[in-house]
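I have placed the structure first, in the form of structure tokens, so that the comments after it can refer back to it.
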Amino acid sequence: MIEEETGLRNGNRGLPPGPWAEAAGPRPRTTERHIAVHKRLVLGFAVSILALLAVTMIAVLLSVRFEECGAAADGPPRAGGNGSLSGAARQPPGAGQPPGRPEEEEEARGGEAAVAAEEEQEEWQRRRELPPWARPRLPRYLRPLHYNLMLSVFMENFTFSGEVNVQLEVRNASRYIVLHAHRMHIEAVRVAEDKLAGGVRVARSFLYPQTQVFVVVLNRSLEVQRSYNLKIIYNALIENELLGFFRSSYVLHGERRFLGVTQFSPTHARKAFPCFDEPIYKATFKISIRHQATYLSLSNMPVETSVFEEDGWVTDHFSQTPLMSTYYLAWAVCNFTYRETVTKSGVVVRLYARPDAIRRGSGDYALNITRRLIEFYEDYFKVPYSLPKLDLLAVPKHPYAAMENWGLSVFVEQRILLDPSISSISYLLDVTMVIVHELCHQWFGDLVTPVWWEDVWLKEGFAHYFEFVGTDYLYPGWNMEKQRFLTDVLHEVMLLDGLASSHPVSQEVQQATDIDRVFDWIAYKKVRLIKPICLYTGVSVATR
């Protein structure tokens with residue numbers, strides 16, 4: 001005990017004397033000289049901070065003085081690019097904003113808007129200076145009233161020839177007739193005044209592939225508010241690319257058989273006949289198809305008369321269509337068989353497919369729900385179905401699941417043929433929703449049509465929404481509209497709409513190459529906003 005106390009008094013923390021006690025002893029205290037050095041460092045740091053603050057304040061004051069001098073020299077505030085006063089002139093005095101910066105940003109934004117408006121004006125002026133055949137859209141001085149189209153289809157070598165007579169109404173005088181035509185050979189062109197024997201002399205004609213148009217140059221201008229007839233004789237290939245008038249095939253009893261069918265949406269009718277291939281140009285159509293008697297032909301309207309020839313050919317003349325756009329015109333040449341049913345209102349519904357599929361009853365399910373859905377839509381919309389018949393055509397190959405051609409809807413086989421006794425519920429649901437979607441297009445899209453592709457949501461949005469309404473009518477126990485619509489559509493599209501890559505449902509489309517990008521999930525699925533927009537604002541569509 002005594003040794004420990006002595007060690008503590010000596011500052012050795014209770015250790016006995018020796019080398020360990022010396023090593024554990026306290027360090028010497030900081031000297032006065034070190035303290036003085038530390039004080040000088042702290043003082044220097046504080047002085048430098050104060051100097052930096054002073055320099056910053058001086059710079060701010062100088063910038064404010066400079067801007068005031070500039071404003072005084074420039075005079076009163078000027079209008080911005082959009083015709084309103086700049087941001088500095090609009091703000092009341094004492095707005096409490098930091099001096100200089102907000103006004104500069106507002107002025108910069110106004111300048112950028114002015115530059116953008118000027119560039120847009122220059123682009124518009126440049127397009128006006130282009131010849132009518134070089135512009136991305138057709139000129140508006142002509143309007144088609146009626147097409148009389150006669151086709152001869154040669155399935156043995158996959159070619160066809162055609163003669164189209166277009167009745168034109170002249171809105172503004174011009175020497176040029178510009179309409180769409182692509183991938184075809186023009187044999188002859190003739191222009192005549194309606195109901196008169198005399199023709200208008202054609203100076204020259206040419207195809208312009210850059211904009212996929214055919215140009216007829218006349219010796220004199222067409223007169224305003226007069227009607228003319230444009231006659232074009234041409235020939236082309238039945239393509240193998242699933243667009244325009246294309247061919248498909250299947251095997252039956254070891255033999256390969258071919259068929260020809262059309263896919264015109266959105267801009268492929270021009271590959272099958274010269275036409276005004278934009279949705280706004282609605283007209284009536286009278287179609288005649290000459291083919292070998294071993295085939296049958298289909299189109300939007302029922303066959304009016306058939307003329308049989310001695311050499312084994314037949315010409316089917318179809319009834320005239322109502323006013324319609326070119327993209328849902330359709331025809332087919334095949335050797336299918338069919339089954340049919342009739343709705344309460346007298347609409348004849350037929351399903352055409354390969355003979356073996358019809359024999360197995362693979363199309364019976366689609367045929368039965370189509371009849372029920374037409375009756376449902378007629379009651380729901382309070383608008384009757386517009387045509388006397390609806391054909392459902394199941395083809396082996398197609399670029400899409402289906403296409404809503406008016407009176408002749410085309411489906412790929414996997415989206416319309418099934419055997420309910422062995423098909424899964426999920427497959428049956430997929431088939432059902434595709435049929436519901438395409439039948440809705442007979443009203444939204446065919447009867448009423450967007451005037452241009454920027455408003456494709458007007459038909460696709462409603463058709464996608466009614467996939468759930470129509471399926472809910474067929475299968476009430478599945479709760480499609482109240483449950484699956486929320487999880488599969490509404491939640492998903494809101495996630496997409498929250499991304500930086502989202503866009504308005506109505507997108508600007510300048511030319512044909514921009515059309516495909518508007519067919520996306522925003523246009524198809526953003527329907528919870530579409531419904532109140534149409535109800536409360538009254539969106540206009542092309543019906544005439």
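Take the conditions (1) surrounded by fewer than 20 Cβ atoms within 10 Å (Cβ to Cβ); (2) of a type in the set (S, T, N, Q); (3) modelled with pLDDT of 65 or more; THR471 misses just one of them, which is (1).
Tell me the residue from ILE422, ILE416 that is open to solvent by 30 Å² or more (accessible area, probe 1.4 Å), among the β-branched types (Val, Ile, Thr) and over 30 Å from SER506 (Cα atoms), please. Show your work before the answer.
Values: ILE416 fails: open to solvent by 30 Å² or more (accessible area, probe 1.4 Å).
When all the criteria are applied, what remains is ILE422.
Sub-6 Å Cβ pairs linking a first residue in segment 266-279 that is without any contact (Cβ under 8 Å) to a residue 60 or more places away in the chain and within 21 Å of THR159 (Cβ to Cβ) to a second residue that is assigned to a loop (DSSP other than H, G, I, E, B) and open to solvent by 10 Å² or more (accessible area, probe 1.4 Å), at least 6 apart or interchain, are HIS268/LEU243, ordered by first then second residue. Looking only at residues of segment 217-261 that are in a loop (DSSP other than H, G, I, E, B) and over 34 Å from the mean Cα position of the chain (by Cα), we find that the one that is surrounded by the fewest Cβ atoms within 10 Å (Cβ to Cβ) is GLY254. Residue under question is VAL200, and the condition is that it be under 23 Å from PHE285 (Cα atoms), surrounded by 17 or more Cβ atoms within 10 Å (Cβ to Cβ) and not polar (S, T, N, Q); does it hold? No: the conditions fail for VAL200.
Scanning segment 373-387 for residues that are assigned to a loop (DSSP other than H, G, I, E, B) and on the phi < 0 side of the Ramachandran plot gives VAL383, PRO384, TYR385, SER386, LEU387.
Flag: LEU390 matches the condition of being within 29 Å of TRP453 (Cβ to Cβ), touching a strand residue (DSSP E or B) at 6+ places or on another chain (Cβ under 7 Å) and in a strand (DSSP E or B).
Scanning segment 159-193 for residues that are over 27 Å from PHE258 (Cβ atoms), open to solvent by 20 Å² or more (accessible area, probe 1.4 Å) and in a strand (DSSP E or B) yields ASN165, GLN167, GLU169, ARG175, TYR176, ALA188, VAL189, ARG190, GLU193.
Evaluate segment 435-443: report whether one residue or more is among the charged types (D, E, K, R) and within 17 Å of the chain's Cα centre (by Cα). It would help to see each step written out before you state the result.
Taking segment 435-443 as the starting set, the residues that turn out to be among the charged types (D, E, K, R) are 438.
Next, from what is left, pick out any that are within 17 Å of the chain's Cα centre (by Cα): 438.
Looking through segment 435-443, at least one residue is among the charged types (D, E, K, R) and within 17 Å of the chain's Cα centre (by Cα).
Under 7 Å between Cβ atoms, at least 6 apart or on separate chains: pull out the pairs that start in segment 138-162 with a residue that is β-branched (Val, Ile, Thr) and end on any residue that is surrounded by fewer than 16 Cβ atoms within 10 Å (Cβ to Cβ) and at pLDDT 95 or above. Once the first residue is β-branched (Val, Ile, Thr) and sits in segment 138-162, its partners that are surrounded by fewer than 16 Cβ atoms within 10 Å (Cβ to Cβ) and at pLDDT 95 or above give THR159/ASN235.
Residue-by-condition table, conditions (1) in contact (Cβ under 8 Å) with a residue 24 or more places away in the chain; (2) more than 35 Å from the chain's Cα centre (by Cα); (3) surrounded by 15 or more Cβ atoms within 10 Å (Cβ to Cβ); (4) farther than 24 Å from LEU142 by Cβ:
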residue: TYR295; (1), (2), (3), (4): yes, yes, yes, yes
residue: GLU304; (1), (2), (3), (4): no, yes, no, yes
residue: GLU310; (1), (2), (3), (4): no, yes, no, yes
residue: TYR328; (1), (2), (3), (4): yes, no, yes, no
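Residues that are open to solvent by 30 Å² or more (accessible area, probe 1.4 Å) and under 16 Å from GLU413 (Cα atoms) within segment 330-364 comprise ASN335, THR337, TYR338, ARG339, ARG350, ARG354, ARG359, ARG360, ASP364, listed in sequence order.
Sort out which residues of segment 404-460 are in contact with a helix residue (DSSP H, G or I) (Cβ under 9 Å, 6 or more places away or on another chain), among the polar types (S, T, N, Q) and assigned to a loop (DSSP other than H, G, I, E, B), and write them in order of number. ASN405, SER423, GLN442 - these are the residues of segment 404-460 that are in contact with a helix residue (DSSP H, G or I) (Cβ under 9 Å, 6 or more places away or on another chain), among the polar types (S, T, N, Q) and assigned to a loop (DSSP other than H, G, I, E, B).
The values are calculated or read from the model by the stated rules, or taken from the named source; none is laboratory data. Bear in mind that the values here come from a model prediction, so they are computed numbers and not experimental data. In this analysis, Cβ positions are derived from the backbone assuming ideal geometry, glycine residues included, and neighbour counts consider all displayed protein chains. Side chains included, ligands, DNA and RNA excluded: accessible areas come from the protein's heavy atoms. Shrake-Rupley method; radii C 1.70, N 1.55, O 1.52, S 1.80 Å.
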